[in-house]
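Data block below; observations after.
The values are calculated or read from the model by the stated rules, or taken from the named source; none is laboratory data. These numbers come from a predicted model, not from an experiment. Note: ideal-geometry Cβ built from the backbone for every residue, glycine included; neighbour counts use all protein chains shown. For the accessible areas, the whole protein counts, side chains as well, though only heavy atoms, and no ligand, DNA or RNA atoms are used. Shrake-Rupley method; radii C 1.70, N 1.55, O 1.52, S 1.80 Å.
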Amino acid sequence: MTAIEQTEARPRGTRLPRRARRNQLLGAAQEVFVAQGYHAAAMDDIADRAGVSKPVLYQHFPGKLELYLALLDQHCDALLQAVRAALESTTDNKQRVAATMDAYFGFVEDEGGAFRLVFESDLTNEPAVRERVDKVSLDCAEAVSEVIAEDTKLPQEQSMLLAVGLCGMAQITARYWLGAGQKIPRDAAAKLISSLSWRGIAGFPMQ
């Protein structure tokens with residue numbers, strides 16, 4: 001059962017250390033935000049899902065937006081770290097492309113549905129949300145562009161444009177793959193897209 005499907009409220013439990021309680025609240029909030037969207041979600045729903053009183057929830061997060069932003073920060077950082085780890089996992093550029101594509105597919109496939117907060121948020125008209133979503137997209141592209149620039153000696157502007165194209169292809173195709181019912185196994189789907197990406201980026205020879 002996925003996090004979204006877990007609709008029954010958790011029973012109220014014993015007192016938890018502050019960090020553990022915060023993590024519990026973030027987990028509950030993620031389930032509610034992913035299932036309902038920001039606007040339909042209520043702090044009452046999140047408190048019930050976490051099995052705590054609403055005052056306990058407000059002790060950790062002063063409002064719904066602050067809770068949403070904390071979650072967004074967490075998952076934007078997770079995506080960026082996954083992309084960086086993929087790039088650092090090998091010095092073989094073909095394998096780097098494959099690992100990067102797989103990082104996006106893995107992020108989208110995660111059963112918690114965190115990718116919906118990053119790529120499909122219903123709150124992108126909120127400046128603080130838009131800023132974070134744009135920043136993680138640029139940060140991931142910049143990480144890729146650094147590798148492209150180093151290996152091809154292309155100017156920064158060209159390297160960045162190629163990187164934006166690669167990252168955009170990765171996240172859009174991964175989301176389509178998930179939405180289409182994962183009819184192709186994840187490894188095969190990521191490999192298919194990495195093959196397409198490599199055919200393009202390999203046309204820029206190493207200097």
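Key figures
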{"item": "Subset of segment 90-122 (residues that are touching a helix residue (DSSP H, G or I) at 6+ places or on another chain (Cβ under 7 Å), outside any helix (DSSP H, G or I) and of a type outside the set (S, T, N, Q))", "result": "GLY112, GLY113, ALA114"}
{"item": "Residue list for segment 151-174, restricted to those being open to solvent by less than 70 Å² (accessible area, probe 1.4 Å) and over 18 Å from ASN93 (Cα atoms)", "result": "PRO155, GLY168, GLN171, THR173, ALA174"}
{"item": "Breaking point among (1) closer than 27 Å to PRO185 by Cβ; (2) surrounded by 15 or more Cβ atoms within 10 Å (Cβ to Cβ); (3) among the acidic types (Asp, Glu), for ASP92", "result": "(2)"}
{"item": "Residues of segment 183-195 that turn out to be of a type outside the set (Gly, Ala, Ser), surrounded by 13 or more Cβ atoms within 10 Å (Cβ to Cβ) and free of Cβ contacts under 8 Å to residues at least 60 places away in the same chain, as a count", "result": "2"}
{"item": "Any pair with Cβ under 7 angstrom, 6 or more apart, that starts in segment 153-181 at a residue that is farther than 14 Å from SER197 by Cα and ends at one that is part of a loop (DSSP other than H, G, I, E, B) and modelled with pLDDT of 95 or more", "result": "TRP177/ILE184"}
{"item": "Total residues in segment 42-67, condition not hydroxyl-bearing (Ser, Thr, Tyr) and not in a helix (DSSP H, G or I)", "result": "6"}
{"item": "Residue in segment 54-68 that is at pLDDT 95 or above and closer than 18 Å to ASP110 by Cα present", "result": "no"}
{"item": "Test for ALA85: is it of a type in the set (A, V, I, L, M, F, W, C), surrounded by fewer than 14 Cβ atoms within 10 Å (Cβ to Cβ) and over 10 Å from the mean Cα position of the chain (by Cα)", "result": "yes"}
{"item": "Among (1) without any contact (Cβ under 8 Å) to a residue 40 or more places away in the chain; (2) buried (at least 17 other Cβ atoms within 10 Å of the Cβ); (3) assigned to a helix (DSSP H, G or I); (4) outside the structural domain of PRO185 (by the TED database) - the single one PHE33 does not satisfy", "result": "(1)"}
